[in-house]
Amino acid sequence: MRIQPMGDTALLAELSTRLDTAINTRAIALATALKKRRDVRQAIAGYASVTVQFDPDQATHESLASAIKRLAAKRPPMDEPGRLHRIPVSYDGPDVEDVGERLQLSREKIIEIHTRPIYRVFLVGFVPGWAYLGPLPEELALPRREVPRTQVPAGSVAIAGRQSGIYPLPTPGGWHLIGRTNVKLFLPDSDPPCLFRAGDRVKFFSAAQ
Amino acid sequence: MTSTLRVEEPGLLTTIQDLGRPNAIASGVQPGGAMDRFAHSAANLLVGNDVGLATLECTLRAPGLVAEQACLIAITGGDFDPRVNGDSVPEWASLSLSPGDRLTFGTRRLGARIYIAIAGGFEAERWLGSLSTNLMAGRGGLHGRPVRADDTLTVATKQAPFAVAVRSMPAGLRPDYGDHTLRAIAGPHLKLLHPDSRSLLFQATYTVSRDSDRMGYRLDGPKLAISGDNILSFGLVAGAVQVPSSGQPIVLMADHQTAGGYPVVATVISASLPIAAQLLPGDELRLTAITPQEAQKMRRALAAALETLQGAGS
């Protein structure tokens, strides 16, 4: 594990550089344990890391790094299955043909592959309600678009690399848009204000079925 | 009777801010809050408020306000040449307004933002634990939007207007806003920078680009050579200096995205964030490496400066 300062009141503990469900489970558990400490203001799990903001009157980088190592040495928690969300998708996104051409796949095949796995919510972040879902089957892996769109409509279902995601708000974006859903991911009048939480599971299905 | 201020001129971008909503980060909601936390906190303390009450953050062009009742206010941050009924009044000091008094601003002389606090704090909508305006979600503050002409700003907690004696903060206790050197601690991914770029990062003069806002500042200047910019996304903090593959650094500010995968090569320390908050497009800046220990000293000095306002005169 690499633990390094991110400014004078935060640090980044990197558990791994691999996209791995078990490591993400450990990161979420570590963030949960750290949040209970009085000297910790906020702990956010990434894919394979925890960003910890601390109270500099109560802790230093060194004292917190030791605490993190102690907590991380404990037996990793069981990966309890998170809540399962079933998301209907119309697979008629503006990039579905382009993705098909680049990967030599029919639209039907793209639907079959994209709806096959139960995805894990690795983390919620970037913009309100955005969730990084994965792993996307290798057969659909493509690098991001070279030129990102300046505006992606809310509800767009997208893929990039070994990940999938749904744009919760109209924002710029560089992922490939293969479909859309009418499920609302950002719920500003709820607390927490988003449908997905880290550790949840997501299953897509074709709305046409 | 509850004090109110009527908005005659809204200014360029005037929003209600407090210390932000850190607990919403796990939902991907930007932490938000005042860009210049020092000036925001000082303004509150100068009128006898807790530092967490809502103030008005006014960007580049400040609003014109009319006091409908007597109230106590304070203006801090940049120097925007404040006037009451046309006469110059001091910033960084508490200031009594009588009914009908008109607060306006002349020429902007220093900085990008000022903060206006009122004794009792501004009334605002609380969203996810904070009164700060989140423009992306359209929540918090004043209906989730900037202040407009003819809005009425109300005081949250009724206070006797002269319960607090006049307070001021001498220039020597404030951040040195004229010195655009931002102190930064080496970031977790500094080693991904090419060795030449590593020294360049802490030597070059950068310019705040036009493409800069409350989310972050893109810096124009020498491009940095970085390898492996595809890190698994991780949680970010204000002050983080990201370098995407384009080599153009980005300094994250109060409304920053909560997670990302670009390497963080340095992080501007908390004591330098108020200075960063007062920069505007076209301003030059330099990043200087500093140890965490030195950063703590600087942070404590600013905290001690705010403490001099706590309880003084009451």
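The values are calculated or read from the model by the stated rules, or taken from the named source; none is laboratory data. These numbers were taken from a predicted model, which means no experiment stands behind them. All Cβ positions, glycine included, derive from the backbone under ideal geometry; neighbour counts span all protein chains shown.
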Inset, instruction - Could you check how many residues of the range A:35-47 are buried (at least 24 other Cβ atoms within 10 Å of the Cβ) and at the interface with chain B (Cβ under 7 Å from one of its Cβ atoms)? - result: 3
Legend entry - Selection status of residue B:176, part of a loop (DSSP other than H, G, I, E, B), touching a strand residue (DSSP E or B) at 6+ places or on another chain (Cβ under 8 Å) and exposed (fewer than 15 other Cβ atoms within 10 Å of the Cβ): no
Legend entry - Search result, residues across the range B:243-281 that are under 30 Å from residue B:144 (Cβ atoms), away from chain A (no Cβ under 12 Å) and in a loop (DSSP other than H, G, I, E, B): B:253, B:254, B:278, B:279, B:280, B:281
Inset, instruction - Go through the range A:45-70 residue by residue and tally those that are in a loop (DSSP other than H, G, I, E, B), over 24 Å from residue A:199 (Cα atoms) and either hydroxyl-bearing (Ser, Thr, Tyr) or without any contact (Cβ under 8 Å) to a residue 12 or more places away in the chain (or both). - result: 2
Legend entry - Residues satisfying the stated conditions in the range A:100-141, i.e. hydrophobic (A, V, I, L, M, F, W, C) and in contact with a Lys or Arg (Cβ under 9 Å, 6 or more places away or on another chain): A:103, A:118, A:121, A:124, A:131, A:133, A:136, A:140, A:141
Legend entry - Whichever residue in the range A:1-34 is among the β-branched types (Val, Ile, Thr) and more than 8 Å from every other protein chain (Cβ to nearest Cβ) and, among such residues, is farthest from residue B:292 (Cα to Cα): A:21
Inset, instruction - Could you list, in sequence order, all residues of the range A:155-167 that are at pLDDT below 95 and either under 18 Å from residue B:257 (Cα atoms) or assigned to a strand (DSSP E or B) (or both)? - result: A:160, A:163
Legend entry - Selection from the range B:206-240 of residues that are of a type outside the set (Ser, Thr, Tyr), over 24 Å from the mean Cα position of the chain (by Cα) and within 14 Å of chain A (Cβ to nearest Cβ): B:228, B:229, B:230, B:231, B:232, B:234
Legend entry - All positions within the range A:105-145 that are without any contact (Cβ under 8 Å) to a residue 24 or more places away in the chain and touching a helix residue (DSSP H, G or I) at 6+ places or on another chain (Cβ under 7 Å): A:106, A:107
